[in-house]
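Report on the following structure.
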Amino acid sequence: MAAFSFILLFALFLPVFTFIKGCPPEFHCGRLAPIKYPFTIEGFKECGPLMLNDCDMPRGMPMIQFENETGYPIWYQVESFSPVNYLSTNLSVIDMDLQGRLNSRSCESFNNLSLPGHPHVTFKMNSSLKTMYKCDDSVESGDLDNFRFHGCGGFKIYYTVKDNASIPSPLLDCSTLQLPLNITNVDDDIFRILTSTFSLLVSLKDPMQGHKGSGSRAWKTVGKLQDGREVAVKRLYERNYHKVQQFLNEIEILTRLRHKNLVALYGCTSRRSRELLLVYEYVPNGTVADHLHGDRASSGLLTWPIRMRIAIETASALVYLHASDIIHRDVKTSNILLDNYFSVKVADFGISRLFPNDVTHISTAPQGTPGYLDPEYYQCYQLTDRSDVYSFGVVLAELLSSMPAVDIARQRHEINLAQLAMSKIQRSAFDELIDPCLGYHSDEEVKRVTTCVAELAFLCLQQNRELRPSMDEVLEKLMRIENPLDELPNLVENHDQCLSH
């Protein structure tokens with residue numbers, strides 16, 4: 001295909017993940033099966049984030065050191081290593097600290113197991129757990145049929161030999177505790193019911209999570225190039241026509257573009273290669289969705305000034321796309337990546353379309369993500385640049401509210417955030433939409449700016465696309481809201497208060 005005439009083919013694409021010169025595709029460690037990235041061994045520390053030790057003991061079991069969420073080191077002995085798929089591995093391990101506490105019958109055994117933490121790797125317990133109840137001495141065992149207890153001086157551990165007993169009311173106020181269960185045990189001794197041996201599912205985190213929404217069905221990971229740059233690798237593993245077309249489309253779109261707020265494509269493999277890979281710059285700080293209502297939301301790092309800059313930088317990227325005759329078609333917070341300084345990198349161009357400037361619309365079947373999809377495009381099958389404007393309006397609503405675009409736990413008429421936001425803004429009920437954690441009630445400047453952004457979101461979310469502003473107008477409006485200049489003409493009638501200090 002002609003589209004491949006401009007593709008740079010990387011000679012450095014050895015087996016996936018072995019981008020560092022001198023790193024073998026697999027390692028051998030003791031009696032374990034051959035191991036691969038993200039695991040490595042002593043002497044090859046730079047080849048992977050998880051290092052196995054004592055690999056020179058042919059019959060022994062190697063050790064691996066992790067850290068828990070507080071930075072405390074955890075040592076595990078590795079019994080077995082079983083790859084599950086391209087990105088995940090099952091490890092059977094022995095927690096050496098827990099083993100020592102159980103063997104000595106120490107009451108320090110009765111603390112929840114602290115799983116490791118890692119910026120690029122997730123850990124999931126893959127073993128059966130025993131549920132226990134940690135109570136103070138005021139709970140009387142005589143009221144607890146079918147429950148046994150172990151006294152520890154200051155507290156008691158209540159447990160059943162079988163886990164099918166109902167929970168009596170005295171235990172409802174106790175702390176719940178779970179530790180690995182010894183499924184071969186036939187004793188009723190709590191220290192034998194528990195075990196220090198368990199299975200962990202170890203998986204690489206997806207550094208470009210935004211790509212999931214487009215249906216590209218790719219696995220991603222982090223590797224290093226020979227020049228030291230960290231990259232994110234996207235691998236196509238469904239080679240049907242539709243997926244390959246998205247793969248080609250992303251290459252064609254991204255090779256045309258250079259903008260500081262668009263994720264950069266470094267290269268790809270040939271379409272004739274056994275594996276189809278795209279290699280991007282690595283953007284380490286997750287997505288806007290992660291920070292608003294995902295696994296990073298509790299950090300509280302997205303203050304309103306940062307959210308405002310995210311809105312401006314995302315709008316700037318979309319203005320550039322539209323000026324380049326490209327409609328993104330899947331604008332959403334999970335496709336907006338953040339670097340360590342919270343600068344924006346818009347990603348995922350698998351369903352983007354070239355949009356010649358001499359046509360009013362493109363007739364095509366609607367594609368996109370529920371909650372962000374332009375209703376007029378959905379009804380009329382006519383794609384325009386105002387479809388991205390509608391999706392960006394949903395992004396603004398998310399930045400204001402910290403709510404996801406779709407949430408079936410909300411009331412029926414508020415499941416769709418766009419509908420919820422339109423209703424609140426139309427009634428000037430801004431305090432019911434804007435996240436109070438942003439300082440809406442305590443900071444007059446935040447109140448002014450968030451109210452103005454909400455009014456802009458209202459315009460972007462208009463059902464009739466002719467009533468929506470262009471992305472150029474949206475960007476100019478955002479910049480004027482952030483830094484009001486009285487001499488500029490108003491973009492929105494009857495909203496002069498949004499331009500005053």
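Readers should treat all values here as calculations from the given coordinates under stated rules, not as data from a laboratory. None of these values were measured; they are calculated from a predicted model. Counting neighbours? That spans all protein chains shown, and the Cβs are built from the backbone with ideal geometry, glycine included.
Numerical summary
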read-out	value
Additional length obtainable on full extension of the chain from residue 53 to residue 483, 0.36 nm per residue less Cα span	149.2 nm
FRET efficiency, residue 258 to residue 406 (Cβ-Cβ, R0 35 Å, nearest 0.05)	0.55
Distance in nm between pseudo-label sites at residue 472 and residue 340 (7 Å out along the Cβ direction from Cα)	3.8
Net length gained if the chain between residue 175 and residue 82 were fully extended (0.36 nm per residue, minus Cα distance)	30.0 nm
Inter-probe distance in nm under a simple model that places probes 7 Å from Cα toward Cβ, at residue 415 and residue 44	5.0
Efficiency of FRET between residue 188 and residue 103 - r from beta-carbon atoms, R0 22 angstrom, step 0.05	0.75
Mean Cβ count within 10 Å, highest first, over the residues of peptides 397-405, 188-196	397-405, 188-196
Inter-site label distance for residue 303 and residue 140 at 7 Å from Cα along Cβ, in nm	5.5
Kirkwood hydrodynamic radius of segment 296-434, Cα pairs, Å	15.9
